[in-house]
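Nothing in this text is a laboratory measurement; each read-out follows from the coordinates by a stated rule. Not measured: the values here are computed from a predicted model. Cβ: placed from backbone, ideal geometry, glycine included. Neighbour counts: every protein chain shown.
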């Protein structure tokens, strides 16, 4: 038996390196072995912070008898979905088509050519509630492959027809009326009592909230603003938010945001930090401001890597149970704080004798602000000190390009708006890491890789979402540093998007035309937990068009929006980032050049970033900055000046915060 995962860069794959399963990484060697032996492929896809992935690994992949059967009858391939989102996308689509649902761990059985003929998610070691045991599934599939291959191949033909079909028909451009209609459709699913959209489980709708904020800014819709503000409030006060050290868990298992699935993902926290910043910008909510500052601290304190990037995730489990690091019971509070403070904290944080979670434990909720803030800060510090003695959840420390791009954008903007210079410095450092490592010495986008670990680049090519989110992050760094090199770096990525990802029929493929060929070339413009490749690229293209004035970038952005428009109008919950970009195009977007030395321009820069106009693009830099937006724009009477433009047509420059605020609010 040979398990080939010990040298993998993925922490998820390394978690399985000691399994008795003869695991392969996805690659030509594994596929060649399946063809040589005429053996079906068992493809197992998951990620390091996935709770049920751990469960299935313990129950099945660590079991000698199960592993022996897998080794005798399958070529077993393990994939980290975060390293290979292209593989995950293809086979998740097959899983959803065959089962009506999806999730991880994902278990697919493929022909040696990589075509799926069976798919599912978690399978228990024994039959359970109508679900067969994993070994029963394996035996049935092996028997079908050897004895009823004609039936298997008939299934593969049907699946390939489905995978080869267009996911969504291309619609038209999104007009202001379409955006209003999308807001109306979202309102139908808004939970007025508990916040958010739909029933449980509830996922943080970051991209939808950004759309609602932009829609409210453009139209003055109080309904859109109230839905966003209401959701901000309940998410931040519930158990999904870490009331002690900041940062959000993956999602809430219940409707009221009380009990989370405890893994903490970089992509969630980056997106939530940014949209809470924009919520604070529009409402002035002290709670939203606190969440931004605390979430930024969480990113820097708990996810930052020694190389200056940001790790992917913190696990949900520690000491063999989910959530152990985060939950409390009344006795623990009393022992840590004393009887009086313990009782006060239990009341404040919703810790009950029966428990709101499992095994008598409760999540911490802060449904109301404490009546004694000094006491709360003392209690909080004591609880943090006690919690630090617990076993910390494992950290998936690989650096994913696209998710770091999201974090860079959030930190760069928040650093200026909230006067947190270390946020901005962290954004710049993470961007430099992506250039140095992910662009393989900065040699160009042809060498752009998706992941790295310990400062060493992985081997998996960057996909569309990486190009889009990183390019937007680079443009955010341009905006706060005034260093023109970041525009050139963004353009390298976006030129590759236009030249190598574009679909002649409209929109973009998720992989480049020179990437590894899979059974189909994935193309899905719908947003899920983070922006789709299409919507990520569109946001960066809109910003780049605003800075350069180049029509090719705007035309590509419009093509991307058009390709997702049917999703945006029919199921807007899965197109929030596309809708947000469309709001920017309807609004212009505003192009704001803030010109002057750093100490001169600081107040104007902050006022420009405070503009609620949808998708406003702000660049602050010295006079003479060599980018198109700054051409022929100078200081005014030796004073810092702001130029507010649309389509490079500018109003007269202003030199005071009051004048700028009036112009951008008009």
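Okay, here's what the table says:
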| item | result |
| --- | --- |
| DSSP-defined antiparallel bridges as percent of all bridges, the chain, nearest 5 | 75 |
| Average silhouette area of segment 131-183, convex hull of alpha-carbon atoms, in square nanometres | 6.9 |
| Extended-chain gain in nm, criterion 0.36 nm per residue less alpha-carbon gap, residue 52 and residue 177 | 40.7 nm |
| Global geometry of segment 28-99, whether rounded, prolate or oblate, following the gyration tensor of its Cα atoms and the 1.5 cut on a/c | oblate |
| Computed over the chain: relative contact order in percent, which uses C-alpha pairs under 8 Å that are six or more apart | 12 |
| Peptides 152-159, 119-126, 11-18 ordered by average Cβ neighbours within 10 Å, highest first | 11-18, 119-126, 152-159 |
| Segments 248-254, 371-377, 99-105 sorted - mean Cβ within 10 Å per residue, highest first | 248-254, 99-105, 371-377 |
| Mean separation of Cα contacts under 8 Å (6+ apart) over length of segment 11-164, as relative contact order % | 26 |
| Exposure proxy ranking, count of Cβ atoms within 10 Å, fewest first, for 344, 26, 577 | 344, 26, 577 |
| Per-bin percent of Cα-Cα distances, segment 26-158 [5 Å] | 2, 10, 21, 25, 24, 14, 4, 0 |
| Ranking of 534, 146 by count of other Cβ atoms within 10 Å, fewest first | 146, 534 |
| Area projected by the alpha carbon convex hull of segment 131-274, averaged over all directions, nm² | 13.2 |
| Cα shape, segment 286-335, gyration tensor, a/c 1.5 rule | oblate |
| Segment 591-665: relative contact order in percent, alpha carbon pairs under 8 Å with at least 6 residues between | 39 |
| Measure of compaction for segment 591-665 (Cα Rg per 2.2 N^0.38 Å) | 0.95 |
| Exposure proxy ranking, count of Cβ atoms within 10 Å, fewest first, for 78, 35 | 35, 78 |
| Estimated FRET transfer efficiency when R0 is 22 angstrom, pair residue 331-residue 368 (beta carbons, to 0.05) | 0.40 |
| Shape of the chain, Cα gyration tensor, a/c cut at 1.5 | oblate |
| Within the chain, helix-based [θ] at 222 nm, where runs of 4 or more DSSP H residues each add -39,500 (n - 2.57), nearest 500 | -14500 deg cm²/dmol |
| Inter-label distance, nm, simple model (7 Å from Cα along the C-beta direction), residue 626/residue 495 | 1.5 |
| Counting DSSP beta bridges with both ends in segment 591-665, the antiparallel % (nearest 5) | 65 |
| Computed over segment 326-389, Cα set: Rg, Dmax in Å | 10.8, 32 |
| FRET E, pair residue 388, residue 97, Förster distance 45 Å, beta-carbon r, rounded to 0.05 | 0.45 |
| Relative packing of peptides 413-424, 330-341 - highest average C-beta neighbours within 10 Å first | 413-424, 330-341 |
